[in-house]
Amino acid sequence: MTAINPVTDLSRDGDIAIVTLNSPPVNALSAAVRDGLKGAFDAAIQDPAVKAIVLICEGKTFIAGADISEFGKPPKGASLFDVEDTIESAPKPVIAAIHGTALGGGLEVALCAHYRIAVPSAKCGLPEVNIGILPGAGGTQRLPRIVGVEEALAMVTSGKHVGAKQCLASGLIDELAPEGDLRAAALAFARKIVREARPLRKVRDLNEKVEAARGHPEIFAEFRKANARKFRGFMAPEHNIRAIEAAVNLPFNDGLKEERRLFMELFSGPQAPAQRYVFFAERQVWKLPDVPDDTPQIPVKKVGIIGAGTMGGGIAMNFANAGIPVTIVEVKDEALKRGLSVIRKNYDNTAAKGRLSAADVERRMGLITGALELEKLADCDLIIEAVFERMDIKKDVFARLDRIAKDGAVLASNTSYLNIDEIAGATRRPQSVIGMHFFSPANVMRLLEVVRGEKTSKPVIATAMGIARKIGKIGVLVGVCPGFVGNRMLSQRQREAQKLVMEGAMPWDVDRVLYDFGFPMGPFAMSDLAGLDIGWVKENSRSETIRDCLCEMDRRGQKTGAGYYDYDEKRNRRPSPVTEKIITEFRTKAGVTPRKIDDAEILERCIFPMINEGAKILEEGKAIRASDIDVVWINGYGWPVYRGGPMYYGDFVGLDKVLSRMRSWQASMGDAFKPAALLERLVAESKGFKDLK
Ligand code: 3H9
């Protein structure tokens with residue numbers, strides 16, 4: 001075996017050369033990997049004793065793509081195109097041997113090999129769209145030549161990972177290897193190719209499938225139409241589609257040039273850096289400075305949930321989905337039965353869409369047990385309380401849990417804003433108490449705010465974060481403060497949205513601006529969806545707010561056919577003259593002369609106070625990093641990923657601009673806009689949140 005460089009080896013097995021990459025964690029195409037590949041292939045090509053070349057990787061995966069951390073830095077080493085040319089134009093067959101994932105540039109390299117073999121567990125994909133770009137090393141030109149235009153469109157715009165069996169069916173790989181025996185199978189396959197003198201099959205020359213789509217622009221038009229909602233606001237899906245169009249309509253080399261042009265447009269645009277930032281932010285979030293990875297975790301074999309309402313039921317589904325038995329406790333049998341039947345209905349709906357088998361539904365339901373006594377939770381390793389949001393009720397539940405739960409069990413509250421330390425104070429084991437704030441619908445939303453109390457122990461934190469990962473959530477560790485990170489910032493936006501309406505905007509103006517910014521819906525449409533009567537008590541309602549008036553008229557949101565908006569039978573909303581009248585009356589009563597508020601002000605008034613609040617959260621140490629706050633907003637509140645999150649966006653628009661607006665609003669509207677000291681400091685030092693360590 002010859003070491004070409006620290007990450008690449010070249011060896012021989014008879015007349016087959018083996019190029020082995022070993023560049024943990026994911027064999028990404030760093031400068032060293034590209035240099036290694038170029039050097040190894042050049043040497044194998046020049047060696048007259050070599051009849052075929054196998055490319056294989058050590059570690060958990062085949063090449064997972066370009067090295068994203070090198071993006072935006074000055075280029076070094078061999079270019080990816082040189083590497084690909086060397087492989088594709090090799091005068092002897094090249095076989096890519098795939099395990100783990102062949103993604104992005106990794107699959108593009110494999111597509112330059114003449115043949116591909118993979119173990120059944122392997123997956124292939126072009127996920128560049130997820131980081132705001134397109135496969136820029138020939139992927140958009142080669143992929144449709146193998147899998148056809150429709151499948152290529154689906155793959156490049158979704159970034160989905162396709163399993164080896166499906167790849168075999170589509171021709172993306174040529175042979176399956178036995179699991180765990182890839183190297184031997186790849187060598188045998190290479191020998192077969194040499195023996196049978198098979199041609200050097202270059203994907204670039206396979207034109208049949210792209211030609212079949214030529215002259216059929218409707219394929220693209222229909223695809224765009226069917227996905228318009230999903231792609232809204234994103235640049236990358238459209239660019240990916242255009243690149244596939246180029247593959248269909250242009251000769252290969254011209255298609256490559258168009259792919260490059262489109263790639264550069266994305267690469268130098270605003271969205272790709274934001275999406276790349278989010279990619280790393282979502283991985284960074286697991287790294288806890290004072291809770292190292294080797295902190296012991298409490299094994300969670302059985303979970304208890306208190307409350308079978310929407311939240312409790314959704315939370316229970318996460319555990320059943322992960323194969324962990326869960327007991328749900330309710331006070332009344334009727335509520336318990338209703339809760340369990342909602343869970344079943346949710347599973348049945350998923351099964352009806354073909355995303356779950358009937359057997360899976362039964363298996364998951366079989367893991368969920370209902371109970372009416374808290375005592376049934378005595379043997380649970382983790383108990384999550386999801387009862388009504390009132391401190392006295394929560395404290396009572398935790399005091400009882402303290403008497404019932406076994407030693408060492410993690411006691412979690414799903415509260416969305418109450419003080420975890422106060423809740424923990426109701427027990428004699430505050431070190432075991434933690435917040436696990438799921439987002440509704442809890443079986444769907446990815447975010448889990450893990451709230452560490454003053455006395456929460458490190459193993460309990462590590463356990464909560466570990467279980468978050470296990471059930472497929474993205475866990476963000478935050479500190480105790482009203483509303484934690486997400487809702488604390490949200491309340492800034494809600495307050496300003498309400499104030500803007502009093503000053504002259506209509507709810508639909510505010511909603512339109514935030515929707516156009518990229519949120520799935522604005523705050524008023526959101527309130528209508530959630531129900532305006534959350535936290536509203538009929539008996540105490542005195543028409544003091546616009547919401548009071550709406551609720552008093554039984555306009556309690558979508559469920560009653562009216563709220564801020566009017567709704568038709570299909571729940572399509574339209575601005576409501578009734579709401580408009582109530583707002584006008586409120587303004588008159590308050591002596592407000594409405595003014596014209598432009599879209600830019602609406603956006604800044606809703607977003608900048610959130611950024612300012614984020615800065616306060618950071619200076620108080622309630623979030624570990626600015627990027628953690630961004631992860632919260634992207635995964636819990638629909639912040640558009642292509643805008644990177646509120647803190648990233650603050651840096652993007654310029655913190656000096658945010659600060660100057662906050663100062664001027666503070667002068668005209670008071671201390672709700674008081675700038676955070678951190679914001680002041682960063683601006684004084686000409687720095688951004690990105691510079692915080
Ligand atoms: C591309 O290829 C462009 C081309 O078209 C060429 C254009 C010219 N680079 O996710 P994990 C790190 S674009 C650098 O936790 P898993 C990651 O940050 C690329 N680093 O593991 C983490 O670091 P740390 C297209 C990368 O087992 C560590 O590896 N490819 C890269 O859950 C482990 O990652 C993609 O978009 C990378 N490409 O999942 C694939 N990938 O430990 C992106 C990972 O310090 N990657 N890291 O936090 C993935 O989807 C997942 O990482 C993968 C493994 C499925 C591979």
Calculated Rg and Dmax of the range 303-482 using C-alpha coordinates, Å: 15.4, 48
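Full extension from MET365 to ASP516: what is 0.36 nm times the residue separation minus their Cα-Cα distance, to one decimal in nm? Intermediate values should be presented prior to the final figure.
Working: separation 151, 0.36 × 151 = 54.36 nm, distance 4.03 nm.
This chain segment gains 50.3 nm when fully extended.
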Helix 599-619 axis, angle to the chain major axis (alpha carbon atoms, nearest 10°): 90 degrees
Protein-only accessible surface order, largest first, of MET489, MET235 at 1.4 Å: MET235, MET489
In Å², nearest 10: area of MET553 left accessible to a 1.4 Å probe: 100 Å²
Exposure rule at most 16 other beta-carbon atoms within 10 Å, DSSP loop GluC sites (Glu not before Pro): the chain longest free segment: 197-372
Cβ charges +1 (Lys, Arg) and -1 (Asp, Glu), total dipole of the range 347-448, debye: 240 debye
Which of ASN249, GLN284, ALA226, positive extreme of dipole for the range 181-289 (C-beta unit charges): GLN284
Structure-based [θ]222 nm, the chain - -39500 (n - 2.57) summed over DSSP H runs of at least 4, per residue, nearest 500: -14500 deg cm²/dmol
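Taking the Cα centre of the chain as origin, work out the dipole magnitude from +1 charges on Lys and Arg Cβ and -1 charges on Asp and Glu Cβ, in debye rounded to 20.
For this selection, approximately 560 debye.
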Helix 218-231 axis, angle to the chain major axis (alpha carbon atoms, nearest 10°): 40 degrees
Two-decimal ratio, the range 215-259, of alpha-carbon radius of gyration to 2.2 N^0.38 Å: 1.21
Approximate spin-label separation THR593-GLN666, in nm, with each point projected 7 Å along Cα-to-Cβ: 3.0 nm
0 to 90° range, to nearest 10: angle between helix 271-284 axis and the chain longest Cα axis: 80 degrees
The range 1-49 and the range 199-219: distance between their alpha carbon centers, rounded to Å: 31 Å
For the range 21-117, the Rg and Dmax computed from alpha carbons only, in angstrom: 12.6, 41
All aspartates and glutamates inside 18 Å of LYS690 as judged from Cα atoms, apart from same-chain residues fewer than 8 positions distant: GLU70, GLU282, GLU613, GLU619, GLU620, ASP628, ASP630, ASP651, ASP656, GLU680
Integer Hz, Karplus 6.51/-1.76/1.60 couplings in order for the range 56-65, x for Gly and Pro: 9, 10, 7, x, 7, 7, 5, 4, 8, x
Around THR8: net Lys/Arg minus Asp/Glu count, Cβ-Cβ under 11 Å: -1
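Output the pairs from LYS406/LYS616; LYS470/LYS657; LYS376/LYS473; LYS38/LYS473 with a Cα-Cα distance over 29 Å in this structure; if there are none, say none. Mind dumping the intermediate values first?
Numbers: LYS406/LYS616 38 Å; LYS470/LYS657 41 Å; LYS376/LYS473 27 Å; LYS38/LYS473 40 Å.
Listed pairs above 29 Å: LYS406/LYS616; LYS470/LYS657; LYS38/LYS473.
Write down, largest first, the equivalent ellipsoid semi-axes of the range 243-311 in whole Å, where each equals the square root of 5 times an eigenvalue of the alpha-carbon gyration tensor. Kindly include the intermediate steps, with their values, before the conclusion.
On the way: eigenvalues 436, 74, 34 Å².
Semi-axis lengths for the range 243-311 are 47, 19, 13 Å.
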Which of SER69, SER30 is most accessible, then next, and so on - probe 1.4 Å: SER69, SER30
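Before I look further, what does the chain give for accessible area per residue, probe 1.4 Å, in whole square angstrom? Kindly include the intermediate steps, with their values, before the conclusion.
Working: 29680 Å² over 693 residues.
Ligands and nucleic acids excluded, the figure is 43 Å² per residue.
Rounded to a whole number, what is D in µm²/s for the range 599-691 from Stokes-Einstein with the Kirkwood radius over alpha-carbon pairs (4 °C, 1.567 mPa s)? Spell out each step's value before the answer.
Values: Rh = 13.2 Å.
Estimated via Stokes-Einstein, D reaches 98 µm²/s.
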Label point distance in nm, PHE280-VAL578, each placed 7 Å from Cα along Cα→Cβ: 5.2 nm
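What do you get for Rg/Rh of the range 37-187 when both radii come from the Cα atoms and Rh is the Kirkwood radius? Could the numbers behind the result be given before it?
On the way: Rg = 14.8 Å, Rh = 15.6 Å.
My calculation puts Rg/Rh at 0.95.
Once you have a ≥ b ≥ c as the square roots of the Cα gyration tensor eigenvalues for the range 459-549, tell me rounded if a/c is under 1.5, and otherwise prolate or oblate according to whether a/b is larger than b/c.
Values: a/c = 2.57, a/b = 1.75, b/c = 1.47.
Prolate shape, in that a/c is at least 1.5 and a/b is the bigger ratio.
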Distance (nanometres) between label positions extended 7 Å along Cα→Cβ at LEU372 and GLU222: 5.6 nm
Other-chain or far-sequence residues with amide H under 5 Å of ARG12's (modelled H): ILE18
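Going from the alpha-carbon gyration tensor of the chain, what semi-axes, largest first and in whole Å, does one get by taking the root of 5 times each eigenvalue?
Working: eigenvalues 486, 197, 128 Å².
Over the Cα atoms of the chain, the ellipsoid semi-axes are 49, 31, 25 Å.
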Efficiency of FRET from Cβ geometry, ARG344 and ARG214, R₀ 45 Å, rounded to 0.05: 0.35
Semi-axis lengths (Å, descending) of the ellipsoid that matches the C-alpha gyration tensor of the range 505-590: 20, 16, 12
Solvent-accessible area, 1.4 Å probe, carbon plus sulfur percent, for the chain: 54 percent
Computed accessible area, LYS657, all protein chains, 1.4 angstrom probe, square angstrom: 80 Å²
Size of electric dipole in the range 303-482: Cβ of Lys, Arg +1 and of Asp, Glu -1, about Cα centre, debye, nearest 20: 480 debye
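Considering just Cα atoms, how many Å³ per residue does the convex hull of the range 2-267 enclose? Kindly include the intermediate steps, with their values, before the conclusion.
Working: hull volume 31.0 nm³, N = 266.
That works out to 117 Å³ per residue.
The values are calculated or read from the model by the stated rules, or taken from the named source; none is laboratory data. Fair warning: this is a prediction, and the values are worked out from it, not measured in the lab. In this analysis, Cβ positions are derived from the backbone assuming ideal geometry, glycine residues included, and neighbour counts consider all displayed protein chains. The accessibility values were calculated without ligands, DNA or RNA, using every heavy atom of the protein model including side chains. Shrake-Rupley method; radii C 1.70, N 1.55, O 1.52, S 1.80 Å.
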